[in-house]
Each structure stands twice: as C-alpha cells, then as structure tokens.
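The values are calculated or read from the model by the stated rules, or taken from the named source; none is laboratory data. Since we're looking at a predicted model, the values are computed, not measured. Here the Cβ positions follow ideal geometry from the backbone for every residue, glycine too, while neighbour counts run over all protein chains shown. In case anyone asks, the SASA skips ligands and DNA or RNA and just uses the protein heavy atoms, side chains included. Shrake-Rupley method; radii C 1.70, N 1.55, O 1.52, S 1.80 Å.
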Amino acid sequence: MTPARRERLFSVVLILPAFLFVLIFAFFPIVHSFWLSLHRIVLGLPGLGEPFVGAENYIELLNDRVALRAVKNTFLFVFVSTFFEILFGLLIALVIHERFKGRGIVRASVLVPWAVPTVVSSQMWRFIFNDKYGLINFLFFGGDVNAYRAWLADPVYAFVAIVVADVWKTSAFAALLILAGLQAIPEDLYEAAKVDGAGWWQRFFKITLPLLRPALLIALLFRTMDAFRVFDLVFVMTQGGPADSTNVLQFYGYKKIFAEGMMGYGSAVSVLVFLISFVVSMFYVRMIGKRMFR
Amino acid sequence: MRKWILWALVMVIVFLSLGPFLWFVDTSFKTEVEVTAIPPVICPSGSVGFYVSSIKNYRLLSYVKNSAIVATLTTLITILLSLFAGYSVARLGLPKRELFMKALLVVSMFPQISIAGPVWRILYRLGWLNTYQGLVIPYVTLTLPLGVWVVASFFKQLPEDLEDAAIIDGCSRLGALFRIMVPLSAPGVFTAAILVFIYAWNEFFFALLIMTRQDVQTLPVGIAMFQGQYTLPWGEIAAASTVATVPLVLLVFVFQRRIISGLSAGAIKG
C-alpha cells in the first residue's frame, strides 16, 4: 500500500466513530421517522400492532387545526424573536467591541444569560411574570394588587413573555457572532473615513454594516434554526397554552408522541418539522455560500 | 459626550443581562413570607431554608449527581471522538470532508423532535431508557458537530512542519496527534470541552424523554418538575436554579475569552 493510500485509510478509520454516532443516532432516526409516520403506532397499546396506513397521518395532519396553529406560532416566534435577537445582538456587539476599562467583565456578564440553563431561565421568567407577586406586575402597577394581571394566562401576553425570555437568553450568542465579524473589519478603513470627515453614522452605514453582512447572516442562520426548536420555554412557562396560543411544533410533536403515545402521528409532525427546518437552513446556506466550508 | 453614551449603554446591558438572574438568586435566600411580599423584598434575610428544603424534600443532590455524571461522560466521549474526527478532517485529507462537515452542520441544526421518536425506540429496545448511557448517547451525537468544528478549526491553525518533523523522527500518526497536536491546541480542546459540558449540563428535551424515573433525572428535568402540594415552591425552585447555574457562571467569568473564541470558531471559521 502506498503511503498516501495508507494515510487516507487511516483518516477514514479515525472519523469512523464520530461518523457512526451521527449515522445511527441522527440520520437513521430522520429516515426512520418518515417510515414510522406511515404507520399507526400507539405506545402502550402494543396489541394493535403497527399497521401500515400510508398517507393517513399526513391527511389528518393537514386537517389538524392545532397543528396548523403550531406551525403559525412557530413561524411567528422565529420571526419576532430572531429579529430582536439580531437587533440587540448588534447593539451589544458594537458596545463590547469598544475599548474601555473592565471590558472583560462586561463581556462575561453579557455571556451569563447564554450560560443559564433554559429551564432555569424559563422558571425565572415565569416567576417574574407571576400573577400575584411577580416583578413585572409590581413594575407596572406598584402595590395596587387588584390591577395585577395573570400575564401567562393571556394568549397574547403569554406569547410575548416567551419571546422576552428567549431574547434575554440568546441575544448574547448573536452578539458574539457579530462581534467576531466586527473584529475582522480592518481598523484603517475607519481611520481613512475619519480623515475624509465621515461621522459615526456614516461610518456605521457605509463601512460597518456592509462588511458585517456575512456575520449577520450567520448569526441569523444560527438563531433562526435554534428558535425553530423552542421547547423548554413553552414546556415550563405555558405548556402550550392558554388555548394553544403558545403551542409550537416541537412541543406539539413531543405531546403527540410522548404524552399521548401517538408514535405514528407524532412522527408525521416530526417529519414536517424536519422538512421545514431543512428548507430554511438550505436557503440560508445558499445565501452564505461556500465561505463557511473552506 | 460619546464616552457617556457608551457608559450608559454598558450599564444598561450589564443590568439587563444580570438583573433577572440575580433577582432569582436573591429570591433563593428569602423566607417563605419574603418571597410573596408586596412590595418585593430586595434585601433578603439570608435564610438558607430553601436550600435545605430543596435537598431534603426535592432530591436536589441526586439531580446534581446525575447531571455531573452525564455531563462529564458526554464531554469525555465527545472530545475524544472530536479529536480523532477533527484530526482526520483538518490534516489527513479525508475524502469528502466537506460533505462530512456539512452533514454535521445539518445535525447541529435540526430540531430534536425530528429524531426523538426513533432514538427513544432504539433505547427502549436496548433497555437503556432511564440509564446514563441512554442519555449520553444522544448527547454525544448532538455535541459532536460543535466538538469537531471547534477542534478542527484549532488544528488547522497549527503549522504542519511540527507534525512532519515528529513523523520523520519515528512518531506514528496517532502519536503525532496526541503528543504534538493535542498539547499545542490544548486551549482549543479545552474550549470545546467547556462548550460540550455546558450543553450537556443544560439539555432538557432528551433528558425529559429518556429519564422518566426520578432517581436518574438530571437538574433541568428536576427543576422543571418541581411541584408543591398547593402552590409552586418558588423558593426551592430558585435555590435549585442557583445551584444549577452558579458553576456555569463561574466558568463564564474565568474562561470568557476562550468561550467567545470557541463559539465564533465553531460558528464561523469552521
């Protein structure tokens, strides 16, 4: 065997364990989900067997109002929360990119929400939005207890609360990706612009924003895909309620498969979720182009 | 003027980042009466009653133990596999490596629900529901993309002559990986380890599906399920949340620089 061939063989052997993990526990399950979705499978009723039902689950899914509501909610959540995360992420990145005393500590503080477990931040915001002694009620109504609202029992405010909790936790991540983009912009560009008499806003719109485009797109990609799988917040704060106003796809799929035991039907939901996120991610990857994989 | 605006913004950002969580920490040191008081009590009496109660009545220590075991095992296995895979991708001219990296990116992005059913069935057949290995397996799968991306990006920055020299001196390829590459990119490997550990420590979705028995549940599941007899035990929830989060906050403050470079390396440089 030539050394070059030996080296290639060795490279394949080295990657094999990681490859097998991903193949068996990620790719196979995706394909298998599709197979399961063509069957009627009820966990806890093994006596029924697992009859093949063709597209029946998908036809049911198209007529399932709660599922359609979950699709709508998920898109709305993704759109609104990602918008604010990129906006605040950009603002935070611009601030922590500046040189000032104690910048390290400020950067670490900004990272704290990112490190807080989502279940913890969910409970925390649930407490802050609490109807009887939550901080939000106190901030709005002071000691006037009669005016206090049950925010999480209101369809609109419950949704807003979940967006707030998500934006709080993940803006820092967007900020870091954008910060990396800022650091890649050569300082001389700004110096030259200053010499030419460009003000802060002009420099921002003419230099910073255009050169930041790739970093912004990557932050957008990561935040969008992550927002698609929102689950912990909904599970802890609202359980999808009130009246399905915060029911999102990942939560709905979980409920169907694991709470109601509808493995077949729930798998149809899983396949739908996968297809949606696959299309969206492909769209982004096209936009970002090859530079990520060099 | 500009300086003042900057400082004001810094203050607002720091306040909004830390404020909500500090409020929860604050709550954990209150007494039952102080938690529900209006107006809210800002300076708590410093009671550790909720900590004692969450250990005695809510199995806090058992959750901590399970989380520590699962997160540690996940980190060790993921990092080992990432070293192999990262070396293969960054150095050995693996055929189709671009495809492999893209596949990893896809894995790291799709919603967990799209694999949850079949993964649950596999673990059920193996009898691994409610076991540590049953949870570690999906965690390794889901953290491998991050691990491989970060490790590979650090490996690529090392000059190739070092390894070549070692190999000419009779070092095997595997020897070169562990004697040259790993020590030289120790900061990168360590960064990847921190990120993987935080992921495994915080993960909730799979932990919820796989660990249905209380004695094997991890912290996030425990905290999500805290339920009092009549009302929610907010004090205990806050205490357990503090215990679950403080180690991570310490990691962040000590390794801020590495975490930032690791996150952006994993996401951008590839």
Summing +1 for each Lys or Arg and -1 for each Asp or Glu, what net charge is found among the other residues whose Cβ lies under 13 Å from the Cβ of B:S45? -2
Would you mind checking region A:184-218 for residues with the amide N under 16 Å from a putative spin-label position 7 Å along Cα→C-beta of A:E98? A:200-204
Excluding residues fewer than 8 positions from A:K101 in its own chain, the lysines with Cα under 30 Å of it are A:K169, A:K194, A:K206, B:K3, B:K269
Accessible area of chain A with a 1.4 Å probe: how many percent of it is carbon plus sulfur? 67
For A:V53, other-chain or 5+-apart residues with amide H closer than 5 Å (H placed, Pro excluded) are A:H39, A:R40
At a Cα cut-off below 15 Å, give the aspartates and glutamates reachable from B:K156, other chains included and same-chain residues fewer than 8 away excluded. B:E98, B:D164
Give the relative contact order (percent, whole number) for region A:65-293; include only Cα pairs under 8 Å separated by 6+ residues. 29
Charge dipole of region A:144-294 about the Cα centre (unit charges at C-beta), most positive-ward option of A:I218, A:L152, A:N247: A:I218
Ordered by number, the residues of region B:75-105 that have at least 20 Å² less accessible area in the complete protein assembly than on their own chain alone (1.4 Å probe) are B:L81, B:F84, B:A85, B:S88, B:L92, B:L94, B:P95, B:E98, B:F100, B:K102, B:A103, B:L105
What length, rounded to one decimal in nm, is gained on full extension from A:L45 through to A:L16, with 0.36 nm per residue of separation minus their alpha-carbon distance? 6.6 nm
Have a look at A:G261, A:G197, A:G134 and tell me which one the Gaussian network model of chain A (Cα, springs below 10 Å) gives the largest fluctuation. A:G197
In debye, nearest 20: dipole of the protein assembly as shown around its Cα centre with unit charges on the Cβ of K, R (+) and D, E (-)? 1020
Which of B:G86, B:G170, B:G147 fluctuates most in a GNM of chain B (C-alpha springs under 10 Å)? That residue is B:G170
Interface B:A - total buried accessible surface [probe 1.4 Å, Å², rounded to 100]: 8700
Take chain A, connect every pair of alpha-carbon atoms lying under 10 Å apart with a spring to form a Gaussian network, then pick out the residue of A:F52, A:F27, A:F19 with the largest mean-square fluctuation. A:F19
What ³J(HN,Hα) values, in whole Hz, does the Karplus curve 6.51 cos²θ - 1.76 cosθ + 1.60 give for region A:14-28 when θ = phi - 60°, with x put for Gly and Pro? 5, 8, 3, x, 4, 4, 5, 4, 5, 5, 6, 9, 10, 6, 4
Under unit Cβ charges (Lys, Arg +1; Asp, Glu -1), what dipole magnitude, rounded to 20 debye, does chain A have relative to its Cα centre? 860
Just to confirm a number: summing +1 for Lys and Arg and -1 for Asp and Glu over residues other than A:S270 whose beta-carbon lies under 13 angstrom from that of A:S270, what do you get? +4
Each residue of region B:160-173 in order: what ³J(HN,Hα) in whole Hz does its phi give by Karplus 6.51 cos²θ - 1.76 cosθ + 1.60, θ = phi - 60°, with x for Gly and Pro? 6, 4, 4, 5, 4, 4, 5, 6, 4, 6, x, 7, 6, 4
Region B:156-266 - charge dipole about Cα centre, Lys and Arg +1 at Cβ, Asp and Glu -1, debye rounded to 20: 200
Can you compute 3J(HN,Hα) from phi for each residue in region A:94-100, using the Karplus curve 6.51 cos²θ - 1.76 cosθ + 1.60 with θ = phi - 60°, rounded to whole Hz and x for Gly and Pro? 4, 5, 7, 7, 5, 8, 7
Have a look at B:V35, B:L250, B:A265 and report the one farthest towards the positive end of the charge dipole of chain B, computed about the Cα centre with Cβ charges (Lys/Arg +1, Asp/Glu -1). B:A265
How large is the accessible surface of A:E60 in square angstrom, using a 1.4 angstrom probe and rounding to the nearest 10? 90
Solvent exposure of region A:65-293 as accessible area per residue, Å², 1.4 Å probe: 41
With unit charges on the beta carbon (Lys/Arg positive, Asp/Glu negative), name the residue among B:L83, B:F24, B:I137 whose Cα is farthest towards the positive pole of the charge dipole of region B:1-140. B:L83
Once label points are set 7 Å from the Cα along Cα→Cβ at both A:A243 and A:R203, what is their separation, rounded to one decimal in nm? 5.3
Using Cα positions and a limit of under 23 Å, work out the lysines in reach of B:K30, with same-chain residues fewer than 8 apart set aside. A:K132, B:K56
